[in-house]
Structures are given as structure tokens and as C-alpha cells.
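Asks: One structure coming up, written as C-alpha cells, with questions to follow.
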Amino acid sequence: WGANANGQLGNGATSTKATSYPGVVRAVGGASGSSLVRVRAVAVGTSHVCAALTDGTGVCWGLNTNGQLGDGSVTQRTSPVVVGGLTAINGIAVGASHSCVSRTDGTVRCWGLASSGQLGTNSTTQATTPATPTGGIAVAGSTGLACGGSHTLVVLPALVASWGANGSGQLGDATTTNRLVPTGVIGF
């Protein structure tokens, strides 16, 4: 329920009028009368939504101008599409225009807008398919994941790593410098 101008309700339609009651999210492929099932976790961004399914795959829907749905396109979707090339997903998080997952092997993948480095790929180039954070601290063995508007944090066995926008010090590294690669949060 809520706003649906970008298809973020996943019901196969868009509307400039907000919906004040719960509706069914369509299954992958968007067939009328179908519903998305076996959802393990859901994460909501500004105008897109992603879900981790019990079979280890991920799906996203809604606004996709920066590739935040992870399906290899920048096409808005009004019903769920499969995130490209990923299995063994056990956690999911989304920011304003980017998305990330943690996998059962402890690795992390991110995609979407990268203007502040929020993908952790040592680049400000957006990714329309999942990319691996590289450089800086190795992001391996993740046990938790969270995204803010334009930054990402990952809980690792011995520390918390963060990357992306940092104008207000949200990365916890005692600076206000954006980070394009994973950096340690001070005090963990």
C-alpha cells in the first residue's frame, strides 16, 4: 500500500493516487491473479522494493533509472523481476537508488546508483547487475547488511565496514569524506 507512481507496489500497474489498503504483489512475470510467494525478507527504497526468496534468489520492482532492480536494465518494472545471476541470498537491503544482498557464503553484492560510492566498487559508475565491493577492507564473512540513502554498512566477523556518502559522518570513520571502497567503522 502507499504511493505507486513508479510501480513500487508490484501490482502490475502505476497510479498517481496512493493506495491506503494492502494489495497483492504479483509473482515474477506479473501474470494477473498471481502472487509473490516464499518471501524471506523485504527491503524498501525510495521508489523500489526488493525481496529475498526462500529459494535463495532475489527479486525487485519499481523505479529503475539507475539499475537498482539488478535485472541488467534501466526499465521501470511494475511487477517483480529476478535479480540477475544471484543465488544463495540470505539478506537484502536497499538505499534510495541502490540495492545490496548478502549471500550464504558471506559475500556481498550491490547494484544501482554509485554516485557517492555506495556500491563499494571503487567507482562512481552505476551497475545494472550485481557487483562485488572491492578494494579497501575485504568484505567476506558478512553476518549483517544495511543501506542508508546513499551508503552501505556490512557486519563482518571482526569489524563493521562502510562505504558511500559520508557528508554527515554516517560511515563512522571519523571523517566526512565519501568512500568508494569498504572502510572500517571506528570502535568496532
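Asks: Among the residues of the range 166-178, which ones are surrounded by 12 or more Cβ atoms within 10 Å (Cβ to Cβ) and of a type in the set (A, V, I, L, M, F, W, C)?
Replies: Hit for the range 166-178 is 171, nothing else.
Asks: For the range 87-110, state whether one or more residues are open to solvent by 50 Å² or more (accessible area, probe 1.4 Å), touching a residue at least 40 places away in the same chain (Cβ under 8 Å), closer than 29 Å to residue 32 by Cβ and in a loop (DSSP other than H, G, I, E, B).
Replies: no
Asks: Within the range 126-165, restricting attention to residues that are in a strand (DSSP E or B) and among the small types (Gly, Ala, Ser), which residue is surrounded by the most Cβ atoms within 10 Å (Cβ to Cβ)?
Replies: 164
Asks: Something else: Would you check if residue 42 is open to solvent by 70 Å² or more (accessible area, probe 1.4 Å), of a type in the set (A, V, I, L, M, F, W, C), out of contact with any Leu (no Cβ under 6 Å at 6 or more places or on another chain) and not in a loop (DSSP other than H, G, I, E, B)?
Replies: yes
Asks: Looking at (1) under 15 Å from the mean Cα position of the chain (by Cα); (2) surrounded by fewer than 16 Cβ atoms within 10 Å (Cβ to Cβ), can you tell me which one residue 123 breaks?
Replies: Every listed condition holds for residue 123 apart from (1).
The values are calculated or read from the model by the stated rules, or taken from the named source; none is laboratory data. Keep in mind the model is a prediction, meaning the values are calculated, not measured. For neighbour counting, all protein chains shown are included, and Cβ atoms are generated from backbone atoms with ideal geometry for every residue, glycine included. Ligands, DNA and RNA are excluded from the accessible area calculation, which covers all protein heavy atoms including side chains. Shrake-Rupley method; radii C 1.70, N 1.55, O 1.52, S 1.80 Å.
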